[in-house]
Every structure is written in C-alpha cells, then in structure tokens.
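Here's the structure we're looking at; comments come further down.
A short reminder: the numbers here are calculations on the coordinates, not readings from a lab. Everything numeric here is computed off the predicted structure, so don't read it as measured data. When we count neighbours, we look across all protein chains shown, and the Cβ atoms used for this are built from the backbone with ideal geometry, even at glycine.
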Amino acid sequence: MKRLSTALFSLLLIFSQAWAQTSLQQKLSAAFSRLQADSQCKYASVSLTVLDAKTGEQVFAGNPNVGLAPGSTLKTVTTITAFNLLGKDFKYQTPFGYSGTITDGTLNGDLIIKGTGDPTLGSWRWENTTQNYVLNALVTALKKAGIKKINGRIIGDDSLYGSQAIPDGWIWQDLGTYYGAGATALCWHENQFDINLKTGPVGSAIRVAGSTPAVPYLTFKSELTNGAAGTGDNAYPYLPTGLTNIMYLRGTYAIDQTKKLVSAAYPDPAYDAAFRLLDSLRRLGIIVTGAAESSLSLTAKGLQSPPITITLTTLLSPSLSQIVYWTNRKSLNLYAEELLKAIAAKAGKEVTTPNGITVIQNFWKARGIDANSMDMIDGCGLSPEDRITTMTVATIMQSAKKEAWFADFYDSLPIYNDMHMKSGSIHNVQAYTGYQTHQGRELVFSIMVNNYNGPGKAIREKMFRVLDELK
C-alpha cells in the first residue's frame, strides 16, 4: 500500500508539473500574441525565448530564430564569454616607466604610460582607479626613483591596439557622445568629460560655459538651441574632424533639464592622460622640458612612442567580476568593447574588434550554437547592424547558470519590473534578457522588439506585461 501511495504521489507530481508548464506556455502564447497584434508592433519584428535555467529545456518560443538588433542585451554575451575565457579574477595591467637614463635626479628621456586596454584607469567608480589616485601613484613612483627633472616628454602610449578605436557600424551622431567613446589601448576617465551649458528661453541659442575638467586644447562651437520642457536631452557633441580641434554641439536641450551639461567623448584619451600627468608634475615643481604627447599626436608628426626601458610601477585594474558589474549595471559600452578586445588578446590574435567577435563566435560554435545566429558588429550592441536571435541569447544566458562565477554575473544584472535582467535600446529597438523564478522553477528569457512605432515607454510597459507571466 505504501508503494502504491508513493507511486500515486509521484504520478500526481508529474501531472501537476506538466499542467503548470502547459498553463505557463498558454499564458505566454496569449501574451506574446497580444504584443504582436498591438498597434505599436504593426511593422515590428517580435521574438521571445524562454528556457528552463537548469536544464535548457524550451518552455516557450515565439520567432526564436529571427536575427534581431539586441541593443545592450548583447553585453550579456560579451561578459559571459569574458568570464569563460578571461576568468573572474582577470585584471588589466598598465605599466608606467621611462626611456633614457637618470643622472643626478634628471631623467634624460621620456615618461611613458603604456596602455593595455584598462577601461577603469581614471574612473570614478572605485577608490583606487580615480584620476587623483592614479596620478598620485605615478608621481609617487617617480619620486621613489629619485626623478626631480625630466628632459623629455610625457607620453600616453595607446599604440597597442592599432589606430581603429571605434567599431565599424557605429553611427556618426553617437561618436562624440560619452557612450560612443572609442575603445583605446590607453583609456582615461572612461574616455569622457562634461561640457557645461549656459541655457536660456525656448528657441534661443545655448552657449558653452567651459568644461569639467578644463580641456584648453579643445575649442567648442555650440549650434544648440533651448528646447521646450519635456523634450529631453537631444544634444550631441561631434568629434573634431581632420586636423582641427573644434567640437561642435548640435541639437536641442530642454529648458527643464537639470544637469545643464553634455557628456562628451575625449578625441584622444591618451593625450589627456599625459596632459593631466604633466600638469600634476609642474604643479609639484618638477620641471618637464617636453610636452604632453600621445600615439596619435606623435603619428601626426611622423614619430613613434619609444618603448619603456625601465618600469617604475604597474597599475592594476579591479577584477573582471567588478568590471562586469558596472558593464551590465550601467550598460557601459566602453567596458564591453575593451573586454571584447581583451578576449582577442587572450586568444593570441591581433587586437581588433572583428578578431574579438570571431573568438566569441568560435567559442559558442564549439558549444553547439550556430555562428550565423550571432552576427555581431561590436561587443556592446550600440551598432544598429548587430543581429542575434533570442534563442542564442537565452541559451548563452542559460549556460552561465552552472558556472562558479554565476553569482557575480547575476549580481551585475539591473532590476527592471522587479526582475533581474539586462535591457537594451537603440532607435526603435527594445530588448530584455534575464532570469526569473516561476512557481519554484528557474527560467531564463530573452525578448526583443525591433522597428516598433510610438513612445519607448509604452512598448516597454507592453513587454513587461508579457514578462509578468513568468512571475
């Protein structure tokens, strides 16, 4: 009788689980159909994949193999691959040293900061990465070596990654913005600074009121106008072109915006790092006869940076786990692009964006994912040409669940709609991918909508209604 009761209980449990799964599938199917039929999706492509987070079993799939623009949800693919290939404890190393010789406290040669791709150098997100901390560390190393005068230059060497910092496929309007900063070998202050604005009445011209920090080597020309309240920040800085040092600001900036600034990308982050160090040394009374230089400025003169002959100190970045936290939490494009290049370097390939993408595609191909389902142009999702399927994103997300570093990755996901998930949005694109527990069952999902019409807020709310079925 006891065996019969146990067997009956097991049978009932199986039926209960099967009913629950069928019920969830039906609810998801109905919610997905409503989203597809919504007027905002009349000309849109909509895709949703839901998998069992433990087994990978398909729970629901609506257009799962359609390649769509993922926006910043692509960062989950890059960061999960980085965990796999670089390891959670990976750290960037930035050497600082000199070329030449020291005689009686005088360096006859150049001071050199050699970039190796650390996106955190000069960042405000950790105590030991801030500009002041880094500059103090470099000055301390200099003093320890007994250097009191420099007959030479201060060089920010970012030659390691070649000349192309910006991936193909990024649009011109994004390139001067903080989120469109290029992935240089020598980064500084996340390759961004703030341009301060002097606003006025609606329709009037906006003036530039300096920058933070001051960048005396750049000139700003504002073509901005004050926009009506509620129209938001539509101001775009444009990188200098040719041999000019002029940054134009174009667009509108609503009168009710409180920050009164635009965050812009440094045209040459390595130069600014050298410029800040030179300024610090002179403030401390250390004589420097040469100028601040970067690989870019030296190349324009037909010169190259000399190699470091003596290393004074090596700066270490936070660990990969800490870097991934901010990559996903704040959707930092620069961090994702630098991780992509670190992946290429780890594989022993020339450090380029395409080579990093190839390594990622080959890694997942060896694990059963068709490389054709992940047509990547970059590692962060900023390019409107990126294409990937929700099935591929969900499968990669599911693979992370069994890894020892999963807790760190999970913690990096922001919370939207009371769910741990990464968002992604570019022009008329909205996407989410994350994890959710439904009646004790752990699920992983990826949802994308491309080419919707109307306001982004409205489509997000409708997507959340679909995802609410997973709660």
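Shape verdict for the range 427-471, please, from the Cα gyration tensor: rounded (a/c under 1.5), prolate (a/b greater than b/c) or oblate.
Details: a/c = 4.21, a/b = 2.24, b/c = 1.88.
Since a/c reaches 1.5 and a/b is larger than b/c, the shape of the range 427-471 is classed as prolate.
Each Cα pair under 8 Å and six or more residues apart adds its sequence gap; the mean of these over the residue count of the range 93-316 is a relative contact order of 27 percent. Each DSSP beta bridge with both residues in the range 93-316 is either parallel or antiparallel, and the antiparallel ones are about 55%. In terms of surrounding Cβ atoms within a 10 Å radius of their Cβ, K422, K259 rank from fewest to most as K259, K422. Of the listed values (i) 1.05; (ii) 1.08; (iii) 0.97, identify the label whose number matches Rg/Rh (Cα atoms, Kirkwood Rh) calculated from this model. Checking each listed value against the structure points to (i).
Across the range 93-316, how many lysine pairs, 8 or more positions apart or on different chains, have C-alpha atoms separated by under 17 Å? Please give the number.
Working: K198/K221; K198/K259; K198/K260; K221/K260.
Lysine pairs satisfying the spacing and distance rule in the range 93-316 number 4.
Dipole magnitude for the chain: about 720 debye, using +1 per Lys or Arg Cβ and -1 per Asp or Glu Cβ, origin at the Cα centre.
Treat every Asp and Glu Cβ in the range 242-299 as -1 and every Lys and Arg Cβ as +1, leave all other atoms uncharged, and give the resulting dipole magnitude about the Cα centre to the nearest 20 debye. Before the final figure, lay out the partial values.
Details: 6 positive and 5 negative charges, 40 e Å.
Taking the Cα centre of the range 242-299 as origin, the dipole is about 200 debye.
Picking from S383, I154, L320, whose Cα lies most toward the positive end of the charge dipole for the chain (charges on Cβ: Lys, Arg +1; Asp, Glu -1)? After comparing all options, I get L320.
Cross-linked pairs K330/K422; K54/K75; K346/K422; K27/K471; K27/K462; K88/K341: Cα-Cα separations exceed 19 Å for K54/K75; K346/K422.
Output the antiparallel fraction of DSSP beta bridges having both residues in the range 222-355, as a percent to the nearest 5. Provide the component values of the computation, followed by the final result.
Working: 6 of 12 bridges.
Percentage antiparallel, nearest 5: 50.
Projecting the Cα atoms of A165, S99, M463 onto the charge dipole of the chain (Cβ charges, centred on the Cα centre) puts M463 farthest toward the positive pole. Along the axis of the charge dipole computed for the chain (Cβ charges of +1 for Lys and Arg, -1 for Asp and Glu, origin at the Cα centre), the listed residues V46, T116, P240 are led at the positive end by V46.
When Rg and the Kirkwood Rh are both derived from Cα coordinates, the Rg/Rh ratio for the range 93-316 amounts to 1.02.
Beta bridges assigned by DSSP with both partners in the chain are antiparallel in approximately 75 percent of cases.
Dividing the helix sum by the residues of the chain, where each DSSP H run of 4 or more adds -39500 (n - 2.57), gives a mean residue ellipticity at 222 nm of -10500 deg cm²/dmol.
Classify the range 39-175 as rounded, prolate or oblate from the Cα gyration tensor: take a ≥ b ≥ c as the square roots of its eigenvalues, call it rounded if a/c is under 1.5, otherwise prolate when a/b beats b/c and oblate if not. Prolate, because a/c is 1.5 or more and a/b exceeds b/c.
Based on Cβ point charges of +1 for Lys and Arg and -1 for Asp and Glu, what charge dipole magnitude is obtained for the range 161-317 about its Cα centre, in debye rounded to the nearest 20? Write down the numbers at each step before the final one.
On the way: 10 positive and 11 negative charges, 92 e Å.
I would put it at about 440 debye.
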